[in-house]
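Below is one structure, written out as structure tokens; comments come after it.
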Amino acid sequence: MTFAEHEPIGDNNDKWVYDVLSEARLAPYLADCGGDVAAAWHLHAWNIRISAAFFPVLQFVEVALRNKLNRELSARFGRANWWSVAPLNEHGERLVKHALEKVSAPFSSQSANDVVAKLTFGFWVSLISQTYDRTLWVPALHRAFPHYRGRRDVLHAELRQVLGLRNRVMHHEPIHRHDLAASHATIYRLFGYMSSDLAAAVRPTDEVPRVLRLR
């Protein structure tokens, strides 16, 4: 559909929407709004609001995960820089190398905590995969989830679901087609697996349910 075929937003020609968002970016919103530019614009704006609402809970789950896994691995290998001796696969070693390069930049501190902070969410999630079942999960990492009684692969699938949402939010991509209520529930299950107090502490700052209702 061309610019001329769209209804304008207010008294303005809708071409400015394409200038701001680009046709490629607006396309998934137009597709879900029957080609209505005004509706697509408002859906895009809502997508920004719900992404912003997810940011705090995603940050809590990412920080909690990395801190708990880091604590268990430090204890397992008896050193703060456990990655130097842990049996990481090639992908894991590459991500560690990238983190080390970031903290080796001029004017950067180079403590183990700095490296931990630079390791990606994807790296931490990968540590729960089948690759590390016998080397990391069984001897150490299961302790990071004291309230979880299920299978490791189910936990890994839930973490990957949240990782996918996190990456889309952080890269300003559409999330409006996802089952966001289900993802929100998954995040709270992960909170519960790691800490009996975490979910209750996060809820007062959680805007996701309210913004979901606005759609």
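Has region 24-47 got any residue that is over 21 Å from R134 (Cα atoms) and within 16 Å of the chain's Cα centre (by Cα)? Yes; the residues of region 24-47 include at least one that is over 21 Å from R134 (Cα atoms) and within 16 Å of the chain's Cα centre (by Cα). Scanning region 39-58 for residues that are within 21 Å of T186 (Cα to Cα) and either aromatic (F, W, Y) or open to solvent by less than 40 Å² (accessible area, probe 1.4 Å) (or both) returns N47, I50, S51, A53, F54, F55, V57, L58. Residues in region 61-97 that are in contact (Cβ under 8 Å) with a residue 40 or more places away in the chain, open to solvent by less than 60 Å² (accessible area, probe 1.4 Å), within 17 Å of M194 (Cβ to Cβ) and of a type in the set (G, A, S): A64 alone.
Per-residue answers, yes or no, for (1) surrounded by fewer than 19 Cβ atoms within 10 Å (Cβ to Cβ); (2) under 21 Å from I50 (Cβ atoms); (3) at pLDDT below 95:
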site: R152; (1), (2), (3): yes, no, no
site: Q161; (1), (2), (3): yes, yes, no
site: G164; (1), (2), (3): yes, yes, no
site: F191; (1), (2), (3): no, yes, no
site: M194; (1), (2), (3): no, no, no
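Might you let me know whether region 111-126 holds any residue that is touching a residue at least 60 places away in the same chain (Cβ under 8 Å) and open to solvent by less than 20 Å² (accessible area, probe 1.4 Å)? There is at least one residue in region 111-126 that is touching a residue at least 60 places away in the same chain (Cβ under 8 Å) and open to solvent by less than 20 Å² (accessible area, probe 1.4 Å). Could you look through region 166-180, keep only residues that are over 13 Å from the mean Cα position of the chain (by Cα) and touching a residue at least 60 places away in the same chain (Cβ under 8 Å), and pick out the one that is least open to solvent (accessible area, probe 1.4 Å)? For region 166-180, the residue satisfying everything is H176.
The values are calculated or read from the model by the stated rules, or taken from the named source; none is laboratory data. Everything numeric here is computed off the predicted structure, so don't read it as measured data. Cβ sites come from the backbone with ideal geometry, for glycine too, and all protein chains shown count toward neighbours. Accessible surface areas use protein heavy atoms only, side chains included; no ligands, DNA or RNA. Shrake-Rupley method; radii C 1.70, N 1.55, O 1.52, S 1.80 Å.
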